[in-house]
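Take a look at the structure below.
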Amino acid sequence: MQTAELKAEGVRWNLGDLYSGPEDPRIESDFSEARRRAEEFARIHRGKLAGFDGATLSRVLAEYEALSELLYRPSFYASLLFAEDTQNAKAQQLVQRTREVATDTGNQLIFFSLELIALDDSQVAALMASPEMAEYEHYLGVLRRFKPHTLSEKEEQILNQKNLTGRSAFEQLYDELSGSMRFKVVVEGEEKELTDSEVMALLRHPDRELRERSFSSFLEKHGEHAMVLTAVFNNVFLDHKVDCELRKYSDVVLPTHLSNDIEPKTVEAMMQAVERHYSVAQEYFRLKARLLGVEKLRNTDIFAPIAAATEKIPFSEARALVLTAFGNFSARFAEIAEEFFTKRWIDAEVRAGKRSGAFCASLSPNYHPYVLCSYTGNGRDVSTIAHELGHGIHYSLSRVQKWVNHDAPLVLAETASVFAEITLTRHLLAKTNSREVRRGLLCDLLDDIYGTVYRQTALTRFEMAGHQKRKSGQLSADDMCELWLQEQGKLFGDSVEMIPAYRWGWSYISHFIHSRFYCYSYSFGELLTLALYQRYLDEGESFVPGYIRLLEGGGSKRPDQALSELGIDINHPEFWDRGFRVIEGFLTDLKATL
Ligand SMILES: [Zn+2]
């Protein structure tokens with residue numbers, strides 16, 4: 001087979017819908033037009049918002065949306081240009097230039113959201129009574145959510161300034177220390193110094209001893225820095241405690257729930273459902289031990305491959321597989337996905353200098369989204385295409401929304417992408433008679449489900465326990481390790497043996513430092529999608545129109561409200577249990593391959 005075909009050679013996107021190139025004069029004219037309009041916007045509207053009626057405010061909001069699109073179009077283009085070739089000096093310059101201009105001009109517009117936040121509740125109620133404001137209700141609510149927890153301007157300024165030498169300084173120390181670490185590992189008889197991403201990649205290596213050796217070296221190196229790492233964690237935890245007290249949050253997780261637009265009880269219902277089903281993960285680990293031919297799984301075996309790499313899949317076949325799988329679910333899905341190929345909205349070829357990984361990005365409802373990935377012909381690459389095209393379908397459907405409602409909220413952001421991946425896997429399972437192929441597909445899927453649903457819940461429990469404990473005093477490195485092993489132990493039960501160095505497992509999770517309690521949104525998004533998928537299995541075709549409406553809604557509603565329109569109550573434990581029926585189904589399928 002031609003390697004050109006395998007590697008998706010020539011499958012490049014066409015960014016011509018945005019600009020003709022980095023030197024397109026329209027970029028500079030957009031900048032000056034945006035600046036002119038921003039200045040005018042500020043001159044006319046600053047200090048006036050409190051006097052607006054609903055019809056006027058909705059007109060001004062529409063003006064603000066159009067201006068934002070104009071202002072961010074060059075930045076969006078620059079980021080895509082940079083992603084397709086990170087070594088392109090013109091793209092680098094343009095990224096820098098667009099960042100400066102967007103910040104500069106964007107500053108002119110800050111007054112607008114501040115004045116919207118400052119409105120009192122009765123003013124907002126009067127504004128919302130006007131029908132023109134209906135589509136902005138959620139946006140206004142989102143903007144004003146933090147109002148009760150916002151301090152005076154002066155206090156906010158002081159906190160910001162002191163953060164530079166406080167929390168931010170510890171975050172930076174953490175990043176610099178982690179980034180400087182190298183890990184000595186003997187690979188094929190030769191001692192090497194590996195980076196963290198190289199160690200992480202080795203967790204998927206077929207050699208068991210190598211997996212354990214490299215991960216131990218990684219963890220022990222963190223252990224050598226225990227003093228600094230423990231101090232960073234202690235300070236970040238304490239800083240957050242103080243912040244919550246100043247801002248009158250009754251609980252340390254509340255700011256995260258508020259930004260996710262989710263009730264605390266909903267998250268708790270989800271996490272408890274995951275914990276009730278730790279036994280399902282443990283059953284998978286026992287099964288995986290059998291597949292790997294080991295007596296008991298170690299935590300370094302969880303992502304081990306169970307079979308030799310299978311045959312390569314040419315890009316054209318990947319495209320056909322994804323489109324057929326989508327078409328089986330909904331003709332509309334297949335149609336939208338096909339546009340990415342026919343209209344060149346996807347960049348899939350492998351090129352030097354291209355940004356690694358994959359993403360789907362969208363500027364505004366007036367533009368179609370773009371997908372980037374690097375296709376090497378592996379089964380995982382086909383899943384990645386399905387995943388990113390799922391995002392692409394979501395963005396395409398939510399183009400019916402206004403600019404402020406175009407993006408789905410975080411906990412719904414992976415709904416279409418994960419759904420698309422499961423749809424693909426089910427299609428591939430139905431197509432093959434080979435036990436080995438089925439086994440490989442199911443293990444890939446269950447490994448992912450472990451990593452998102454289960455692991456992230458256990459991580460969140462550790463983080464909650466750490467913050468809780470910090471309230472009554474400093475934690476020692478041993479305290480941290482103990483809390484970590486406790487929470488991981490609950491997840492693994494007796495199905496997985498943790499290697500001794502795993503006690504340092506908490507210290508490398510940068511989310512704990514940079515995005516507090518973020519981890520639960522991974523569990524939430526994935527389990528939500530699994531539960532939706534189970535509904536599809538139960539209801540068949542009749543599920544599809546409601547699901548499409550959910551995606552069309554973008555970010556126009558609270559997640560619980562959007563889902564209640566599908567007849568789903570995410571506060572009900574029974575809903576979350578549905579997600580585990582899909583997982584148990586995959587587990588049964590896996591057992592059948594033995
Ligand atoms: Zn995604």
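The values are calculated or read from the model by the stated rules, or taken from the named source; none is laboratory data. Note that the structure is a prediction, hence the values are computed from the model and not measured. Reconstructed Cβ throughout: ideal geometry from the backbone, glycine too, with neighbour counts over all protein chains shown. Just so you know, the surface numbers come from the protein's heavy atoms only, side chains and all, with ligands and any DNA or RNA stripped out. Shrake-Rupley method; radii C 1.70, N 1.55, O 1.52, S 1.80 Å.
For region 139-154, does any single residue satisfy the condition of being closer than 21 Å to ARG516 by Cβ, of a type outside the set (A, V, I, L, M, F, W, C), in contact with a His (Cβ under 7 Å, 6 or more places away or on another chain) and open to solvent by less than 50 Å² (accessible area, probe 1.4 Å)? No.
GLN474 satisfies every condition listed in (1) out of contact with any helix residue (DSSP H, G or I) (no Cβ under 8 Å at 6 or more places or on another chain); (2) not in a helix (DSSP H, G or I) except (1).
Among the conditions (1) buried (at least 22 other Cβ atoms within 10 Å of the Cβ); (2) more than 16 Å from the ligand (Cβ to nearest atom), MET464 misses just one, which is (1). For region 387-407, indicate whether the set of residues that are within 15 Å of the ligand (Cβ to nearest atom) and either over 19 Å from the mean Cα position of the chain (by Cα) or part of a loop (DSSP other than H, G, I, E, B) (or both) is non-empty. Yes; the residues of region 387-407 include at least one that is within 15 Å of the ligand (Cβ to nearest atom) and either over 19 Å from the mean Cα position of the chain (by Cα) or part of a loop (DSSP other than H, G, I, E, B) (or both). Taking helices (runs of 4 or more DSSP H) as the structural unit, those lying wholly within region 103-220 and holding at least 2 residues that are touching a helix residue (DSSP H, G or I) at 6+ places or on another chain (Cβ under 7 Å) correspond to 121-128, 137-144, 167-180, 196-202. Looking at (1) open to solvent by less than 60 Å² (accessible area, probe 1.4 Å); (2) touching a residue at least 60 places away in the same chain (Cβ under 8 Å), which one does GLU263 not meet, given that it meets all the others? Of the numbered conditions (1) open to solvent by less than 60 Å² (accessible area, probe 1.4 Å); (2) touching a residue at least 60 places away in the same chain (Cβ under 8 Å), the odd one out for GLU263 is (1).
Kindly indicate whether ALA430 is of a type outside the set (D, E, K, R), open to solvent by less than 10 Å² (accessible area, probe 1.4 Å) and either more than 16 Å from the ligand (Cβ to nearest atom) or part of a helix (DSSP H, G or I) (or both). Taking the combined requirement at face value, the residue does not satisfy it.
Selection of helices (runs of 4 or more DSSP H) fully inside region 480-594 by the criterion of at least 2 residues being open to solvent by less than 20 Å² (accessible area, probe 1.4 Å), at pLDDT below 95 and in contact with a strand residue (DSSP E or B) (Cβ under 8 Å, 6 or more places away or on another chain) returns nothing.
Regarding region 75-84, can at least one residue be identified that is farther than 28 Å from GLY353 by Cβ, among the charged types (D, E, K, R) and out of contact with any helix residue (DSSP H, G or I) (no Cβ under 6 Å at 6 or more places or on another chain)? No, every residue in region 75-84 fails to be farther than 28 Å from GLY353 by Cβ, among the charged types (D, E, K, R) and out of contact with any helix residue (DSSP H, G or I) (no Cβ under 6 Å at 6 or more places or on another chain). Across region 334-368, the qualifying residues are those that are more than 16 Å from the ligand (Cβ to nearest atom) and part of a helix (DSSP H, G or I), and the one among them that is most open to solvent (accessible area, probe 1.4 Å) is GLU335.
Within region 224-251, track down each residue that is β-branched (Val, Ile, Thr) and in contact with a Phe, Trp or Tyr (Cβ under 8 Å, 6 or more places away or on another chain).
Taking region 224-251 and keeping what is β-branched (Val, Ile, Thr), we get 228, 230, 232, 236, 242.
Across region 224-251, the qualifying residues are VAL232, VAL236.
Filtering region 163-199 to residues that are under 24 Å from MET227 (Cβ atoms) and open to solvent by 50 Å² or more (accessible area, probe 1.4 Å) leaves LEU164, THR165, PHE170, GLN172, LEU173, ASP175, GLU176, SER180, ARG182, LYS184, GLU193, ASP196. Among the conditions (1) open to solvent by 40 Å² or more (accessible area, probe 1.4 Å); (2) out of contact with any Pro (no Cβ under 8 Å at 6 or more places or on another chain), the only one that GLY223 does not satisfy is (1). Being hydrophobic (A, V, I, L, M, F, W, C), in contact with a helix residue (DSSP H, G or I) (Cβ under 6 Å, 6 or more places away or on another chain) and buried (at least 18 other Cβ atoms within 10 Å of the Cβ) is not true of ILE302. Looking only at residues of region 371-386 that are open to solvent by 50 Å² or more (accessible area, probe 1.4 Å) and not hydroxyl-bearing (Ser, Thr, Tyr), we find that the one that is nearest to the ligand (Cβ to nearest atom) is ARG380.
Residue count for region 393-413, restricted to those that are surrounded by 24 or more Cβ atoms within 10 Å (Cβ to Cβ) and farther than 24 Å from TYR518 by Cβ: 2.
Does region 92-114 hold any residues that are open to solvent by less than 20 Å² (accessible area, probe 1.4 Å) and within 16 Å of ARG73 (Cα to Cα), and which are they? First the steps, then the outcome.
Step one: list which residues in region 92-114 are open to solvent by less than 20 Å² (accessible area, probe 1.4 Å), which gives 94, 98, 101-102, 105-106, 109, 111-112.
Hits for region 92-114 are LEU94, THR98, VAL101, ALA102, THR105, GLY106.
For ALA91, state whether it is at pLDDT below 90, under 30 Å from LYS354 (Cβ atoms) and part of a helix (DSSP H, G or I). Criteria not met by ALA91. Considered as a group, the residues in region 231-248 that are β-branched (Val, Ile, Thr) and open to solvent by less than 10 Å² (accessible area, probe 1.4 Å) include one that is farthest from LEU177 (Cα to Cα), and that residue is VAL236.
Within region 512-546, the only residue that satisfies the criterion of being touching a Ser or Thr at 6+ places or on another chain (Cβ under 8 Å) and more than 22 Å from GLU268 (Cα to Cα) is VAL544.
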